[in-house]
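Chemist: Starting off with a structure, shown below.
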Amino acid sequence: MNDIKTTDIRFLKGIGDKRAESFRKLGILTVGDLLSFYPRGYEDWKNITPITDAEENETAAVKGIMIARPVPVKTRNGKLMYRSSATDGRGIIHLTFFNNRFVSQDLKEGQEFIFYGKIKINDMGGKEMLSPRYMKAETGEYLHPVYRQTADLNSRAIGKAVKTALETFRGQLKETLPQEQILKYKLPSYYDSLRMIHFPENENEIKQARRRLIYEELLILQLGILSAGSKEEEKTEFVIKEDFSEEFISRLPFSPTNAQRRAINECIRDMKMHSPMRRLLQGDVGSGKTAVAAALMYTAVRNSYQCVLMAPTEVLARQHFETFGKFLEGTGINTVLLTGSTTGKNKKIIKEQILSGEAHIIIGTHAVITDDTHFKSLGLVITDEQHRFGVNQRAALREKGNSPHVLVMSATPIPRTLSLIIYGDLSISILDEKPKGRKEVKTYSVTSHYHERLYSFIKKEVKKGNRCYIVCPMVEENEEADFDLKSAEEYYKLLSETVFSDIKCGLLHGKMKQKDKDEMMTAFKQGDIDVLICTVVIEVGIDVPEANVIVIENAERFGLSQLHQLRGRVGRGKEESHCILVSDTKNEDTLKRFEIMCRTNDGFVISEEDLKMRGPGDFFGSRQSGLPTLKIASLMTDSRILYAARDEAEAILKKDPLLSSPENSHLKKKISALFADIS
């Protein structure tokens, strides 16, 4: 017999080539796909309602004996419908069927059936069901699975195919979880779980099956992520012998927060181990990640190791270079900047310094890890704002520099449940405090009627020496058919020639050349530009303490986390800062987003709300890749099971890092299947 996971659905009894095409539209290619195509809900055919108690417009299951076989009646357009009635001895239900020529053969006079459908009241005041589903009463009253369906493949046909698959392949449905875990968590067997999820006899069976299948899915996901991460046997030669972080902290012009100190200590503890550090430093905008990174780099260099800091843009790389220059002034530590725009002559000199070890800290974009960049002793790699990196990319990064320590920094607050999935191969440090003196950004939601007042407010702030961002959702006017959307180019032209004609305005968007973008951001930072009209290209931007106002036009076009990221561009100086969301939307979900933004500045609260509103699949939009699709588990409701699965996955890999034992062979196969389509 063929393997259930690879057996083409068309070879299942009753399917064939034509019906297989319909299944393929639902993503069901094999029998294995079919069995893991779980119902999206259930119809309760167990709870029989007496006909006299069935209420209009309510969906109900009623039981009745056929009074007469259905008879065909021609409609005005010449089509046939079939009519009949059934009784439960107290009431009568009238039945009308469309496009079902088999109904008169199925429903025979004197036989008892269960009918499931919506109750209507007909012209004569009697109770009626239009095209109800039905089955013989002797079949039994039970919960019917409801599947996602297509126009040519209904839920009943899918259920029938599932039943055939379970009967045909029962002998192949071997247990996939270790026996120890089945006993520990009191889980039903794999076969019983599939039978109960598809054809439950009661609510309790659904709960048991779901608990088992959710646990297994999350365990396999965690095993896959952890397997792609640091292996038990991975070692590093870059072990930190002495901690110099306090020496670095004493040089700072400010006192670190407790959260910063905790994060530094967690990282140093990792770097003292013979296994390389794999850690995520997660902190809201302005929580002080750069100071933590600098403390670690200072310690690494004092231990004779080189460090790399990778930033996503040249502007941000240059900002880090300037910041580190101030932090490390007078220490003798040589910091170099290497980006795509570094001239050929300078690039050659810098790469020679990196190879000889003369360059201690290398800051730049992806140019720092090109094939022709060679290090003498690369001990620490820090990536900034790299939440776009998936597990596989981080695994590839580790191959550079002979297993250096790796710190991933992210200013995108991510709920803990999502962190376990996206950064499952990393330990997590969280900066959940803001440095002293950091003010909250006041946030307001207004309609476009407030534009005149907004312009006056911006002028007043510019007169005080402050700067302002105005964010638009589009670059060009004709980018989309919706003419109500503000485009950066048109809005810049309008404002710079009219209300802001006496103010220095600048334009910045993603379609500009990198050199022009960098020049514009530098001009804004230096004060040569007062109002920057831009797109979300500033989402990951530079530190401009004088910028204290951000206006986000058509704010309904942005997600909650993105709005919060944009808001993080202001509030970095001493002046009170403001974020104004402009939108004429009436959409309830969007207005709820605005209400959350106005209520809190806490990025972690916002990320949890965002996850609730959008779900995990859309949390990163199209930017996040490398994650398989979950078929039954939910990161919002199954977090307790996720944490248990995480602990068990770690324990399994500790005993059997390569999952080579016979007991873990089924898990290994399932990991391969789950991650098969992930690039």
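The values are calculated or read from the model by the stated rules, or taken from the named source; none is laboratory data. Everything numeric in this text was worked out from a predicted model, so none of it was measured. Cβ placement follows ideal geometry from the backbone for every residue including glycine, while neighbour counts extend to all protein chains displayed.
Chemist: From L653, L630, which residue is among the hydrophobic types (A, V, I, L, M, F, W, C), part of a helix (DSSP H, G or I) and surrounded by 16 or more Cβ atoms within 10 Å (Cβ to Cβ)?
Modeler: Result: L653 is the single residue among L653, L630 that is among the hydrophobic types (A, V, I, L, M, F, W, C), part of a helix (DSSP H, G or I) and surrounded by 16 or more Cβ atoms within 10 Å (Cβ to Cβ).
Chemist: Okay, next question. Quick one: is I240 touching a residue at least 12 places away in the same chain (Cβ under 8 Å) and not in a loop (DSSP other than H, G, I, E, B)?
Modeler: no
Chemist: Quick check on I552: is it in contact with a strand residue (DSSP E or B) (Cβ under 9 Å, 6 or more places away or on another chain), modelled with pLDDT of 90 or more and not assigned by TED's automatic domain parsing to the domain that holds T365?
Modeler: Answer is yes for this residue.
Chemist: For the stretch 232-251, check the following and say yes or no: at least one residue is crowded, with 19+ Cβ neighbours inside 10 Å, of a type in the set (V, I, T), touching a helix residue (DSSP H, G or I) at 6+ places or on another chain (Cβ under 6 Å) and closer than 17 Å to G379 by Cβ.
Modeler: Yes, because at least one residue in the stretch 232-251 is crowded, with 19+ Cβ neighbours inside 10 Å, of a type in the set (V, I, T), touching a helix residue (DSSP H, G or I) at 6+ places or on another chain (Cβ under 6 Å) and closer than 17 Å to G379 by Cβ.
Chemist: Here's something else I'd like to know. Could you tell me which numbered condition I550 fails, if it satisfies all but one of (1) in a loop (DSSP other than H, G, I, E, B); (2) closer than 20 Å to E440 by Cβ?
Modeler: Status for I550: all satisfied but (1).
Chemist: Evaluate the following for K163: is it surrounded by fewer than 19 Cβ atoms within 10 Å (Cβ to Cβ), modelled with pLDDT of 90 or more and assigned to a helix (DSSP H, G or I)?
Modeler: For K163, the condition - surrounded by fewer than 19 Cβ atoms within 10 Å (Cβ to Cβ), modelled with pLDDT of 90 or more and assigned to a helix (DSSP H, G or I) - is met.
Chemist: Have a look at R279, R318 and point out the one that is at pLDDT below 90 and buried (at least 20 other Cβ atoms within 10 Å of the Cβ).
Modeler: Just one listed residue meets the conditions, R318.
Chemist: How many residues does the stretch 179-233 contain that are closer than 20 Å to F675 by Cβ and assigned to a loop (DSSP other than H, G, I, E, B)?
Modeler: 4
Rundown of residues vs (1) assigned to a strand (DSSP E or B); (2) not acidic (D, E), yes/no style:
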site: Q565; (1), (2): no, yes
site: R569; (1), (2): no, yes
site: R572; (1), (2): no, yes
site: I580; (1), (2): yes, yes
site: K586; (1), (2): no, yes
site: D589; (1), (2): no, no
site: K592; (1), (2): no, yes
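Chemist: Report every pair of residues separated by at least 6 positions or lying on different chains whose Cβ atoms are under 7 Å apart, first residue within the stretch 270-291 and closer than 16 Å to S429 by Cα, second surrounded by 23 or more Cβ atoms within 10 Å (Cβ to Cβ) and among the aromatic types (F, W, Y).
Modeler: These pairs meet every condition: L280/Y423.
Chemist: So, one more: Do we have any residue at all in the stretch 325-336 that's outside any loop (DSSP other than H, G, I, E, B), in contact (Cβ under 8 Å) with a residue 60 or more places away in the chain and either under 18 Å from G379 (Cα atoms) or touching a helix residue (DSSP H, G or I) at 6+ places or on another chain (Cβ under 9 Å) (or both)?
Modeler: Within the stretch 325-336, one or more residues are outside any loop (DSSP other than H, G, I, E, B), in contact (Cβ under 8 Å) with a residue 60 or more places away in the chain and either under 18 Å from G379 (Cα atoms) or touching a helix residue (DSSP H, G or I) at 6+ places or on another chain (Cβ under 9 Å) (or both).
Chemist: Checking G41 against (1) closer than 27 Å to G159 by Cβ; (2) surrounded by 14 or more Cβ atoms within 10 Å (Cβ to Cβ): exactly one of these is not met. Which one?
Modeler: (2)
Chemist: So which of S255, S287 is assigned by TED's automatic domain parsing to the domain that holds Q319, part of a loop (DSSP other than H, G, I, E, B) and crowded, with 19+ Cβ neighbours inside 10 Å?
Modeler: S287
Chemist: With the requirement that a residue be surrounded by fewer than 17 Cβ atoms within 10 Å (Cβ to Cβ) and either in contact (Cβ under 8 Å) with a residue 60 or more places away in the chain or touching a strand residue (DSSP E or B) at 6+ places or on another chain (Cβ under 9 Å) (or both), what does the stretch 93-106 give you?
Modeler: Once the filter is applied, which keeps residues that are surrounded by fewer than 17 Cβ atoms within 10 Å (Cβ to Cβ) and either in contact (Cβ under 8 Å) with a residue 60 or more places away in the chain or touching a strand residue (DSSP E or B) at 6+ places or on another chain (Cβ under 9 Å) (or both), the stretch 93-106 yields F98, N99, N100, R101, S104, D106.
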